[in-house]
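Asks: Pasting a structure here, questions to come.
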Amino acid sequence: MEIQKIDLLQKDMPKKWYNIQADLPKPLDPPLGPDGKPIGPDALAAIFPMSLIEQEVSQERWIDIPEPVLDAYNRWRPAPIFRAIHLEKALKTPAKIYYKYEGCSPAGSHKPNTSIAQAYFNAQAGVKRITTETGAGQWGSALAFAGALFGIEVRVFMVKVSYNLKPYRRMLMNVWGAECIPSPSDQTQYGRKLLAEDPDNPGSLGVAISEAVEEAATRKDTNYSLGSVLNHVCMHQTIIGLESKKQLESIGVYPDVVIGCIGGGSNFAGISFPYIHDKITQNKKVDIVAVEPCACPTVTKGEYEYDYGDTAGMAPILKMYTLGHSFMPPSIHAGGLRYHGMSPLVSAVVNQGFVEARSYHQNEIFDAGILFARTEGIVPAPETNHAVRAAIHEAEKAREEGKEKTILFNFSGHGFFDLSSYDLYLGNHLEDYEYPSEAIEKALKDLPFRK
């Protein structure tokens, strides 16, 4: 009988995070201030604890995971890897498909891997209150959970279209003691400005970030926390890939293809960076695939330029793939991969040739999610469906070529709180939408230092 589930013992869980900055052939371009000059760590001290700022700029390859963080991880980690044998049979493919199941966390996604760490480091610095943003609600609920563990008050600005479409995520945040506010809101100066211009503004991650940063920057008792994009966030997520390598090595397997979906980049970084380490340092032959929506084609259609991390231009200016900080994603898009920019680290590994980026329409990714649910039994989150679709694509290619192939993808979260999106799909109410090139070009004209 084929092995379907690969577990690790808690004693085998990684004790360090991997920092890919130590191995990049070309280092990251520095973050810039409004004047276009590089900013140092002190510029971030108003909203982040110094321990996280140090991780953000660190060039050390391995960073110790503190014991209290490991203790919190032990609630659900190590997370299992499953082999999708029944999906393989349905596809009649010679490929072997494995998926790292991050849906077993209390919040149902990979996000607690960094929310736990960020809450711990803030608590160590004496912070009592954190503000943040969330798209589909996975990050907001993960930070609410972490805040409950470490005694920190959490306030979440949730993209309004998702706030209305995904009420159970909001309720989950409330259960863990967090306050959840639809964004744009009347709680901040920037939110009030946007609502005055358009009372029906559906919101975006860039807008929600602006509101959260504004509140943190104007209150001495409040720090800000980001669930993706930043270097320390990507590093915290590498426990996913490090565990995956140990698990597959235990059965003598190394993947030919590693896949993750991308919005801000954290879950993709988590599964892929330890394998990109192998490509850089050992010249391993493994294809790395990042998958995004056609409705928000940050990497596949954006430009690799300096841009603001938020819509209002309050956050530092980062070198990344971007659609322009004024980008407003269509409200018809069901997933949470709706951010205008991409993690500078993920952008760098794409730009330096270690990663292939693809985009899919939302109906085809829900097709994939339905097939996965009906063969493997677990309902994926809409975001995860992008990785599922790419894994199916690779398995179909193996079938057509008659070649064996080992595929690994990150199952970044379950879809049990996203059934309204599935309801829209099953009722034929989801529209495929490809963000127009002219709209991208218009938004890119607002880049702060575009030549």
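Rule-based calculations on the coordinates, nothing more; no lab input. Keep in mind the model is a prediction, meaning the values are calculated, not measured. Cβ placement follows ideal geometry from the backbone for every residue including glycine, while neighbour counts extend to all protein chains displayed.
Asks: List the residue ranges in the chain for DSSP H helices whose C-alpha atoms run 24 angstrom or more along the long axis and whose Kyte-Doolittle average is -0.5 or above.
Replies: The qualifying helices: there are none.
Asks: Continuing with the same structure: If each residue of separation counts as 0.36 nm, what is the full-extension length gain between Glu54 and Glu438 once their alpha-carbon separation is subtracted?
Replies: Separation in residues times 0.36 nm, less the Cα-Cα distance, equals 134.3 nm.
Asks: While we're looking at this one, here's another question. Tell me, what is the percent relative contact order of region 274-385, built from C-alpha pairs under 8 Å that lie six or more residues apart?
Replies: The normalised contact order for region 274-385 reaches 28 percent.
Asks: If the reach is capped at under 15 angstrom between alpha carbons, list the aspartates and glutamates near Lys89, excluding any in the same chain fewer than eight residues apart.
Replies: Result set, ordered by chain and number: Glu2, Glu376, Glu394, Glu396, Glu400, Glu404.
Asks: Could I ask something else about it? Calculate the spin-label point distance for Glu364 paired with Asn164, positioning each point 7 Å from the Cα along the beta-carbon direction, and give it in nanometres.
Replies: Roughly 2.9 nm, to one decimal.
Asks: Just from its helices, what would the mean residue ellipticity at 222 nm be for the chain, if runs of 4 or more DSSP H residues each count -39500 (n - 2.57) and the sum is divided by every residue, rounded to the nearest 500 deg cm²/dmol?
Replies: -12000 deg cm²/dmol, from helical runs alone.
Asks: Related question: Among 268-279, 416-427, how do they line up by average Cβ neighbours within 10 Å per residue, starting with the highest?
Replies: 268-279, 416-427
Asks: Can I ask one more? So how much slack lies between Ala46 and Lys284, counting 0.36 nm per residue of separation and subtracting their Cα-Cα distance, in nm?
Replies: 81.5 nm
Asks: Taking region 62-147 as the region of interest, what is the percent of Cα-Cα pairs per 5 angstrom bin, listed from the shortest bin to the one with the maximum distance?
Replies: With a bin width of 5 Å, the distribution comes to 3, 13, 19, 18, 15, 11, 8, 7, 4, 2, 1, 0.
Asks: Another question about this same structure. Please compute, over every Cα-Cα pair in the chain, the percentage with a separation greater than 32 angstrom.
Replies: I get 31 percent for the Cα pairs in the chain exceeding 32 Å.
Asks: Just subtract the alpha-carbon distance of Ala217 and Asp12 from 0.36 nm times their residue separation and send over the number in nm, one decimal.
Replies: Answer, rounded to one decimal: 69.8 nm.
Asks: Now, a different point. Using alpha-carbon pairs under 8 Å, 6+ residues apart, how would you state the relative contact order of the chain in percent?
Replies: Relative contact order, the chain: 19 percent.
Asks: For Phe416 and His86, FRET efficiency with R0 = 22 Å and r from the beta-carbon atoms, rounded to 0.05?
Replies: The pair His86/Phe416 has a calculated efficiency of 0.65.
Asks: Let me ask you something else. Residues in region 132-146 near a label at Glu179, defined as backbone nitrogen under 14 Å from the 7 Å Cα→Cβ point?
Replies: In region 132-146, the label zone of Glu179 (backbone N under 14 Å from the point 7 Å along Cα→Cβ) covers 132.
Asks: Here's another thing I want to ask about it. Taking the mean number of other Cβ atoms within 10 Å as a proxy for protection, how do you rank 239-248, 8-17, 365-374 from highest to lowest?
Replies: Most protected by this proxy first, the peptides run 239-248, 365-374, 8-17.
Asks: Excluding same-chain residues fewer than 8 positions from Lys96, which lysines have a Cα within less than 25 Å of its Cα?
Replies: List returned: Lys5, Lys245, Lys246, Lys279, Lys284, Lys285, Lys397, Lys403, Lys405.
Asks: Determine, from the Cβ-Cβ distance of Lys193 and Thr375 and an R0 of 60 Å, the FRET efficiency 1/(1 + (r/R0)^6), rounded to the nearest 0.05.
Replies: E between Lys193 and Thr375, to the nearest 0.05, is 0.80.
Asks: Related question: Rg over Rh of region 159-288, using C-alpha atoms and the Kirkwood radius, what does it come to?
Replies: Ratio of gyration radius to Kirkwood radius for region 159-288: 1.11.
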